[in-house]
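Asks: I have a structure here, written as structure tokens, and I will follow up with some questions on it.
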Amino acid sequence: MKQTFVFDKAPYVAGAYSIVGPKEGLGPLGKYFSLVLEDDLWGEKTFEKCEIKMHREAIKGALDSAGMNQHDLDAVIGADLLNQIVAASFAARDIDAVFLGMYGACSSFGESLAIAAFLLSGGFMKTVSCSTSSHFSGAERQYRFPLEYGNQRTPTSQWTVTGAGATLLTSVAPEGEGVKVKLTAATLGKVIDLGIDDESNMGAAMAPAAADTLIKHFSELERSPSYYDAIYTGDLGKYGTEILRYLTAREGYNLPTCYSDCGAIIYGYEQKALQGGSGAGCSSSVFNGYLTSRLKNKEIKRLLLCPTGALLSKDTPLQGATIPGVAHAVVFEAED
Amino acid sequence: MIEAKAYQEYVKQSAPKTKMMSTLLKAFLTGGIICCTGQAVADIIKVIIPDMSKENIGAFVSITLVFLSALLTGIGVYDRIGRFGGAGSLIPITGFANAVVAPAMEYNREGVVFGICSKMFVIAGPVIVFGVVAGVIAGIIGLFI
């Protein structure tokens, strides 16, 4: 079974936009995000409505950054973590384009980019936006405890990123001078479950899936990890990156020092986010804020992005089920 | 890929652990301060109303602590105390009050009936169930002794 696909007509990154909450704005990547909110409601009455607004504005921002409007758009591919992915679908009701809802938990951004690349490379569509979002307070009330409840977090836990990011992919090269970024290949991931049942240790639940996808990617393309200037996983967190290094090294792939994790770098140590950020908006805000700007100014020429997702509902751990993971990888290459 | 059993063992060994000593000390300190506050309330009531019975003073202490906890939850302080103190602020009656007020605040947006009233007991519910069941059992035993 082949999991890696190289695109003959690789789609271009025509636009990118990221919106994050105040905590993310204060983190080390703060200056790279397109918009930092002053509070986590953004004038809305509920956190869910705020996430919908963030999602919608991220898509519009990506269109604006490419000098396009929503009538140029063929499809919106979106995902989030709210029940029944309402952030993405409700955001899409204000946009005049077909909507494809994805779900791969926090790996959804990779899944969306891969599906969009298939549609564009296959010649079926010309302009597709890929967006994901998550909201700390929305995720807390849905999966964990009320915000004001005085409990403690375990050292392996992570902090859901309040953020939304949208990437606009086009089949024709964007006009104008400057560096062009292409999505050249994608490796789709299988669901992997090595029996982790601790829902506050998502890094350990997802790392095997990331390892499986990355190893498939390197072996099927016969590339070594050093082919890339930067390798980023989605939200394994600091401890999860250690596990991934261990798992890939066992199979003979030593990840270079340019390997990092979006969740592990989005918060500073003093921000008490423990292992770092998580959530569907983590990889999308870091990619559309920080990584695209590094691709654009040629600090990174070849980027392997591998968003990771833990697949569980609020009920499955209570029913004694373990937590499977999934990860999808996409390759971005910058050229003049 | 690594065997599931071997992987679980690896994670168990390598995962960052809770710092036992400092966590215990913080819990002891926080729980101790809450209990001292209760004792102080009792002593003050004794001075103001010398005739009050011991049972009534106990009730007043509980009411005062529950009120203070609800107030601190409402102004967004109790969750910080909880983050610092852990079980030290979770186990006393103040933790119970926090467990009721926090979801009531959180689910206020889903309306009074299906939001506040039905979600109010999502955390504290089991405590009430066990409390009532234990009360019934103790009552039946007490009837025959």
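Asks: Does A:Lys190 meet the test of being of a type in the set (D, E, K, R), within 11 Å of chain B (Cβ to nearest Cβ) and either surrounded by fewer than 24 Cβ atoms within 10 Å (Cβ to Cβ) or in a loop (DSSP other than H, G, I, E, B) (or both)?
Replies: In short, yes.
Asks: Name the residue, out of B:Gly76, B:Gly82, that is within 19 Å of the chain's Cα centre (by Cα) and in a loop (DSSP other than H, G, I, E, B).
Replies: Answer to the check: B:Gly76.
Asks: Just one of A:Thr292, A:Thr257, A:Thr308, A:Thr248 is in contact (Cβ under 8 Å) with a residue 12 or more places away in the chain, surrounded by fewer than 23 Cβ atoms within 10 Å (Cβ to Cβ) and among the β-branched types (Val, Ile, Thr); which is it?
Replies: A:Thr248
Asks: Which count do you get for residues in region A:163-196 that are more than 26 Å from A:Pro324 (Cβ to Cβ), touching a strand residue (DSSP E or B) at 6+ places or on another chain (Cβ under 8 Å) and not charged (D, E, K, R)?
Replies: Counting residues in region A:163-196 that are more than 26 Å from A:Pro324 (Cβ to Cβ), touching a strand residue (DSSP E or B) at 6+ places or on another chain (Cβ under 8 Å) and not charged (D, E, K, R) gives 13.
Asks: Please find, within region B:111-121, the residue that is nearest to the other protein chains (Cβ to nearest Cβ) out of those that are assigned to a helix (DSSP H, G or I) and touching a helix residue (DSSP H, G or I) at 6+ places or on another chain (Cβ under 7 Å).
Replies: Here the residue is B:Lys119.
Asks: Could you list all residues from region A:193-227 that are hydroxyl-bearing (Ser, Thr, Tyr) and surrounded by fewer than 24 Cβ atoms within 10 Å (Cβ to Cβ)?
Replies: A:Ser200, A:Ser219, A:Ser224, A:Ser226, A:Tyr227
Asks: Same structure, new question: What tally of residues in region A:198-207 results from selecting those that are part of a loop (DSSP other than H, G, I, E, B) and more than 9 Å from chain B (Cβ to nearest Cβ)?
Replies: Of the residues in that region, 2 qualify.
Asks: From the list A:Gly234, A:Gly189, A:Gly252, pick out the single residue that is assigned by TED's automatic domain parsing to the domain that holds A:Pro324 and on the phi > 0 side of the Ramachandran plot.
Replies: A:Gly252
Asks: What residue, among those in region A:151-170 that are of a type in the set (Val, Ile, Thr) and within 22 Å of the chain's Cα centre (by Cα), is nearest to the other protein chains (Cβ to nearest Cβ)?
Replies: Looking at the filtered set, the residue picked out is A:Thr156.
Asks: Looking only at residues that are among the aromatic types (Phe, Trp, Tyr) and assigned to a loop (DSSP other than H, G, I, E, B) in region A:119-150, which one is farthest from the other protein chains (Cβ to nearest Cβ)?
Replies: A:Phe124
Asks: In this structure, is A:Leu41 of a type in the set (A, V, I, L, M), free of Cβ contacts under 8 Å to residues at least 12 places away in the same chain, surrounded by fewer than 20 Cβ atoms within 10 Å (Cβ to Cβ) and in the same structural domain as A:Ala166 (by TED's automatic domain parsing)?
Replies: Yes, satisfied.
Asks: Across region A:66-96, what is the number of residues that are surrounded by fewer than 18 Cβ atoms within 10 Å (Cβ to Cβ) and either touching a Leu at 6+ places or on another chain (Cβ under 9 Å) or in a helix (DSSP H, G or I) (or both)?
Replies: Counting residues in region A:66-96 that are surrounded by fewer than 18 Cβ atoms within 10 Å (Cβ to Cβ) and either touching a Leu at 6+ places or on another chain (Cβ under 9 Å) or in a helix (DSSP H, G or I) (or both) gives 9.
Asks: Moving on. Out of A:Leu291, A:Leu214, A:Leu255, which single residue is at pLDDT 95 or above, assigned to a loop (DSSP other than H, G, I, E, B) and more than 11 Å from every other protein chain (Cβ to nearest Cβ)?
Replies: Answer to the check: A:Leu255.
Asks: If you don't mind, there's one more thing I want to ask. Only one residue in B:Leu71, B:Leu29 is surrounded by fewer than 16 Cβ atoms within 10 Å (Cβ to Cβ), in a helix (DSSP H, G or I) and touching a residue at least 40 places away in the same chain (Cβ under 8 Å). Which one?
Replies: Matching residue, one of B:Leu71, B:Leu29: B:Leu29.
Asks: Another question about this same structure. Applying the selection to region A:112-140, what residues are in contact with a helix residue (DSSP H, G or I) (Cβ under 7 Å, 6 or more places away or on another chain), surrounded by fewer than 24 Cβ atoms within 10 Å (Cβ to Cβ) and either aromatic (Phe, Trp, Tyr) or closer than 18 Å to A:Gly101 by Cβ (or both)?
Replies: A:Met125
Asks: Report whether or not A:Leu274 is assigned to a loop (DSSP other than H, G, I, E, B), outside the structural domain of A:Leu26 (by TED's automatic domain parsing), modelled with pLDDT under 95 and buried (at least 18 other Cβ atoms within 10 Å of the Cβ).
Replies: Here the answer is yes, as A:Leu274 does meet what is asked.
Asks: Which of the residues belonging to region A:227-243 are within 14 Å of chain B (Cβ to nearest Cβ) and in a helix (DSSP H, G or I)?
Replies: Once the filter is applied, which keeps residues that are within 14 Å of chain B (Cβ to nearest Cβ) and in a helix (DSSP H, G or I), region A:227-243 yields A:Gly237, A:Lys238, A:Tyr239, A:Gly240, A:Thr241, A:Glu242, A:Ile243.
Asks: Taking region B:42-62, which residues are β-branched (Val, Ile, Thr) and within 12 Å of B:Thr94 (Cβ to Cβ)?
Replies: B:Val61
Asks: Which of the residues spanning region B:94-109 are without any contact (Cβ under 8 Å) to a residue 40 or more places away in the chain, more than 8 Å from chain A (Cβ to nearest Cβ) and under 20 Å from B:Ala59 (Cβ atoms)?
Replies: B:Phe96, B:Ala97, B:Val100
Asks: Criterion first (of a type in the set (Lys, Arg), within 14 Å of chain A (Cβ to nearest Cβ), exposed (fewer than 15 other Cβ atoms within 10 Å of the Cβ) and within 30 Å of A:Lys216 (Cβ to Cβ)) does B:Lys17 satisfy it?
Replies: No, not satisfied.
Asks: So which pairs qualify, if the first residue must be in region A:205-231 and within 26 Å of B:Tyr10 (Cβ to Cβ) and outside the structural domain of A:Lys301 (by TED's automatic domain parsing), the second must be surrounded by fewer than 23 Cβ atoms within 10 Å (Cβ to Cβ) and among the small types (Gly, Ala, Ser), the Cβ gap must be under 9 Å, and the two must be at least 6 apart or on different chains?
Replies: Between residues of region A:205-231 that are within 26 Å of B:Tyr10 (Cβ to Cβ) and outside the structural domain of A:Lys301 (by TED's automatic domain parsing) and residues that are surrounded by fewer than 23 Cβ atoms within 10 Å (Cβ to Cβ) and among the small types (Gly, Ala, Ser), there is no close pair.
The values are calculated or read from the model by the stated rules, or taken from the named source; none is laboratory data. Since the model is a prediction, treat every value here as computed from it, not as a measurement. When we count neighbours, we look across all protein chains shown, and the Cβ atoms used for this are built from the backbone with ideal geometry, even at glycine.
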